[in-house]
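Comments concern the structure below.
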Protein chains: 2
Amino acid sequence: MGGLENGATNNQNSSPTTTKPTKTSLSPDSMINLDQGDPTLFEPYWRKMGDKCTLVIEGCDLMSYFSDISNICWFLQPQLGDAIKRLHRVVGNAVTEDRHIVVGTGSTQLLMAALYALSSPADRHPVSLVAAAPFYSGYKDQAEFLRSGLYKWEGDAHTFDKDGPYIEVVTSPNNPDGAVREAVVNRGEGKLVYDLAYYWPQYTPITQPLDHDIMLFAFSKCTGHAGSRIGWALVKDKEVARKMTEYMQISSIGVSKESQIRAAKILGVLGEGCRTADSENFFEYSHSILKERWERLRNVVKNSRVFSLPKYPRDYCNFTGKYMDSNPAFAWLHSKEDIDWERRLREHKIIARSGERFGASPKYVRISMFSPPEAFNLFLERLSAIIDNTNGNVVT
Amino acid sequence: MGGLENGATNNQNSSPTTTKPTKTSLSPDSMINLDQGDPTLFEPYWRKMGDKCTLVIEGCDLMSYFSDISNICWFLQPQLGDAIKRLHRVVGNAVTEDRHIVVGTGSTQLLMAALYALSSPADRHPVSLVAAAPFYSGYKDQAEFLRSGLYKWEGDAHTFDKDGPYIEVVTSPNNPDGAVREAVVNRGEGKLVYDLAYYWPQYTPITQPLDHDIMLFAFSKCTGHAGSRIGWALVKDKEVARKMTEYMQISSIGVSKESQIRAAKILGVLGEGCRTADSENFFEYSHSILKERWERLRNVVKNSRVFSLPKYPRDYCNFTGKYMDSNPAFAWLHSKEDIDWERRLREHKIIARSGERFGASPKYVRISMFSPPEAFNLFLERLSAIIDNTNGNVVT
């Protein structure tokens, strides 16, 4: 799921880099916003693709509410459903056979839809919603903001001990810490939603096609097209797919068709590029950017007596046919020093998100690895300076 | 607001006309779906516009979450905001000066956002939500489906007598009955949301630029582009606009940019067409279609001893500079006979929506005036036959 969450408007004036990230000119005094995961760093690849990805829409196209009334998800454009299935087959990250596809305004809307579909209006008590800490900070906001009587945020799955039905969101690779995950609670009355936004080859080795009841994916994290707001759910159970569709119907009467056909086109080009060896495919491109950034970041952090980064096991990636490292979209920076690192980094003009927002200690901060190149360079400079300082001085 | 609401999936197999409405071939046995207001009948106009409305999007365009971080609604594409303001100025239906624009995935999502913005999490009791009957059937679904503790559907504004804060939705012209409306409850603690989806010249005379605190509009009903899922709110109060934006952020992290720039282009062409006299403008075109349909429908109904249609006062339209009739998007058909007309019409292979869904009697049915030409013709034939029958026989 997304790397934006509630908080963007709070930082309105602090980031000069978000609107036109490729045209920034940062000064030594500029605030660097590494709070959100805005994936514009993949833009050059799509620019290079030229006309292949260009979409032309006539004024009279796509006017109806309906896309395919024979489908449970009647507003899903068939070409998007086809492109999604083809891409999963090429990448090998998820089983799509005999699955219903529900499209959403980002995977964010689909998580809301899943909560609606998995809760029971007949129950007197709301179903518990949990996720293992550190968990994506948006889940809590989504579960709580409307004070729904259908579901209730109960926080960390590790410490969850209430009886009764529950929903566990399993985020894998995890946001914020990039870990590959399994369900934690494992009780009979539990229902699982797998948020697989980052289960793509640029971030993590693809070890198997996952085969869970509800799996969420996001166009934004797959290709970098966050502005399109397209997500999809692969759903085993017909009734769950029907209720998720109902959620979309009541809350927004479907999902933008323009975005759907654009996503279909771009996912199609991406999938085709993986099958032919004509040029560098998108996953190679985006993997090489992230890999280089992680190497540079680890080089800076390894000099620190205070900071550390998670280590990820190398694993065999079925997609690339090679042993690969993980290069997550966020760095989950840990410090031995017991201070509020979000605040401390902000004094150094770096905006990151405190571990507290993810159900963890403020000794952790989450840092987006998606920033424009200039911002990333400046971040490494500033972090180096902080590390030099902390190595020489006791931090108070 | 929309004419679709909860129910589309129930009628999945009954409407052959919805997916590709211009290519239907109805037989005498075909079910005609007049339940939803899918505005595809305006398609020929936009086809005629040719390249003027064609949108080209490159693969590297619109990738960021952000559109304009200096705006409260940070995901609103500036060109859409500009096109909305220009069009309202040309049409004269709403004041836009010093207003915040919040864009939504249809006006449906914006109503949800308004409920969130106007309720107070600090209050122990949910704020009451009312609308004068007959009211749009979707409001109840939207208010109730998540069992929110923030707001509570209390039904007909005419009979509402609870103390305390309330929100009244004023739909004008009204869905289902086309009436021009004002607020009904009028108490100090009330907050008003004006749903003005149908306050455009093809449906009703534009008598004044409206100037309310929150006004909702929908691209679908303005131009017929329902598939784009674009709505907008004109909002006086900054804090309300901020909270509506927050709702969008938590529930879907913004709104499709592809749809936004397409809406900007089409609203721009529409506005420009109204200012120049080169060719028939869209409002003249769509008005003439609806006017002709209403005349034909009234011609059929006038022979009936049982059925009647609302009468609308002629009024001076500032936009056209002429006295005009109303030609609503739905016909609100009333029968003297005390039977369930939705069920009776269905026996005659006409799907319409019972008055009961709108807080009214089942002696009323709502009929979409938006159906493809062939379906509308068949509807009139079948209605004539029903009327011939009811004139000769007592209906039981």
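Read-outs: derived from the displayed coordinates by stated rules, not from any lab. As the structure is a prediction and not an experimental result, all values here were calculated from the model. Heads up, the Cβs are rebuilt from the backbone with ideal geometry, glycines too, and the neighbour counts pull from every protein chain shown.
A few notes on this one:
- Alpha carbon centroid spacing (whole Å) that separates region A:316-350 from region B:240-268: 31 Å
- Positive-end ranking of A:Ser279, A:Pro205, A:Phe330 along the dipole of chain A, with charges on Cβ about the Cα centre, is headed by A:Ser279.
- Under the simplified labelling scheme, the A:Glu58-A:Ile339 pair shows an inter-label distance of 6.4 nm, with each label point 7 Å from Cα along Cα→Cβ.
- Given in Å, the Rg to one decimal and the Dmax to the nearest whole number for the Cα atoms of region B:64-275 are 16.4, 51.
- Length gained on full extension, B:Lys238 to B:Thr276: 10.2 nm, using 0.36 nm per residue less the C-alpha separation.
- Between B:Leu210 and B:Ala94, B:Val95, the built amide H atoms are under 5 Å apart, and every one of these is 5 or more places off in sequence or on another chain.
- Copies compared at A:Asp211 - label distances in nm, ascending, label defined 7 Å from Cα in the Cβ direction: 6.7
- Dipole size of chain B about its Cα centre, with +1 on Lys/Arg Cβ and -1 on Asp/Glu Cβ: approximately 480 debye, rounded to the nearest 20.
- Amide H contacts of A:Ala329 (H built 1.01 Å from N, under 5 Å, at least 5 apart or other chain): none
- For peptide B:37-50, the mean count of partner chain Cβ atoms within 10 Å of a residue's Cβ comes to 3.
- Rough spin-label spacing in nm, given labels placed 7 Å along Cα→Cβ, for B:Glu182 and A:Leu26: 5.8 nm
- The base-10 log of I(q)/I(0) for region B:168-295, evaluated at q = 0.10, 0.21 Å⁻¹, reads -0.39, -1.40 [Debye formula, identical scatterers on Cα atoms, solvent excluded].
- Inter-copy label distances for A:Asp51: 1.5 nm (label point placed 7 Å from Cα along Cα→Cβ; shortest first).
- Label 7 Å beyond Cα on the Cβ vector: A:Ser288 copy-to-copy distances, nm: 5.9
- Taking Cα centre as origin and charging only the Cβ of basic (Lys, Arg, +1) and acidic (Asp, Glu, -1) residues, the dipole magnitude of the protein assembly as shown rounds to 480 debye.
- Checking the cross-link pairs A:Lys152/A:Lys236; A:Lys162/A:Lys243; A:Lys322/A:Lys363; B:Lys191/B:Lys265; B:Lys48/B:Lys349; B:Lys140/B:Lys311 against a 29 Å limit on the alpha carbon distance flags A:Lys322/A:Lys363; B:Lys191/B:Lys265; B:Lys48/B:Lys349 as lying beyond it.
- Only Lys, Arg (+1) and Asp, Glu (-1) charged, at Cβ; region B:64-275 dipole about Cα centre in debye: 580 debye
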